[in-house]
Amino acid sequence: MKSIKVKPLFAAITLLLSVPAQAELTGNITLTSDYIFRGFTQTDQKPAVQGGFEYTHETGLYAGIWASNVELGNSVNIEVDYTAGLAGKVADIDWDFGAIYYDYPSDAGQDLDYTEYKAALTWKFFSFEYYYSDDFFGNNTDEAHYFSLTGDYDLPMDLGLSVHAGHQTISDGDDYDDWSVGMSRSIQGVDLSVVYSDTRNVRGSCKSLCDSRFVFSISKEL
């Protein structure tokens with residue numbers, strides 16, 4: 001049930017807010033030409049407005065909320081993600097362990113909501129991430145694993161280069177790969193980016209949902 005899945009995240013958020021210590025609240029807002037999630041459009045190739053807040057505790061505990069419009073059928077038009085976890089650093093390696101609850105409030109009984117568990121390691125400009133769910137997109141029969149490797153590089157002229165490769169496995173056999181290359185630049189506190197995204201080895205025809213495409217975004221830290 002939805003309440004059972006959300007409970008651990010809200011418990012972590014409550015614990016985070018109850019510990020008296022220094023903390024930081026940050027926010028962001030983004031306008032993008034398409035919401036791409038692991039190579040698949042979530043807005044049927046239409047623009048999205050996205051934003052969220054994250055509360056970070058000095059102990060490394062964090063919790064956040066993020067939302068975006070989506071178009072996943074006739075009634076599913078919003079996604080709200082709740083996150084909670086613990087992050088820290090050992091030597092030159094940053095680590096992050098947490099959970100994400102994907103909520104689709106308007107799914108009209110389709111029960112698309114699900115939880116993923118995350119483990120991430122970052123060394124210099126390389127990041128490795130692993131996600132696991134036993135209820136992928138609300139399907140109780142589908143276990144899913146996602147592995148990704150991302151490189152973020154600083155270039156001359158205040159440009160940033162990001163290269164990403166990921167592999168999604170699902171227990172029903174719908175495994176595939178996604179990859180992307182992006183460029184970004186910050187101007188007067190506003191971040192501009194263009195990303196080329198594509199997929200490989202998608203079983204069957206995904207029509208226009210996972211075609212190669214350029215995505216343009218503008219975002220601002222709050």
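Taking the Cα centre as origin and putting +1 on Lys and Arg beta-carbons and -1 on Asp and Glu beta-carbons, what dipole magnitude results for the chain, to the nearest 20 debye? Result for the chain is approximately 260 debye, rounded to the nearest 20.
If the chain linking Y196 and F216 were pulled fully straight, counting 0.36 nm for each residue of separation and taking away their Cα-Cα distance, it would gain 6.3 nm.
Once the Cβ-Cβ distance of N28 and Q110 is raised to the sixth power relative to R0 = 25 Å, the FRET efficiency obtained is 0.30. Using the empirical formula 2.2 N^0.38 Å as the baseline, the Cα radius of gyration of region 45-128 reaches a ratio of 1.31. Of all the options N74, N139, N28, the one that moves most in a Gaussian network model of the chain with Cα springs shorter than 10 angstrom is N74. Structure remark: mean-square fluctuation, Gaussian network model of the chain, C-alpha springs under 10 Å; the largest value among D111, D96, D158 belongs to D158. Remark: spin-label model distance R203-S186 equals 4.3 nm, labels positioned 7 Å along the Cα→Cβ axis. Taking G138, G60, G204 in turn, the Gaussian network model of the chain (Cα-Cα springs below 10 Å) assigns the largest fluctuation to G204.
None of the figures in this text is laboratory data; all of them are computed from the coordinates on show. Everything quoted here is computed from the prediction, not taken from an experiment. Every residue, glycine among them, receives a Cβ derived from its backbone with ideal geometry; neighbour counts consider all protein chains shown.
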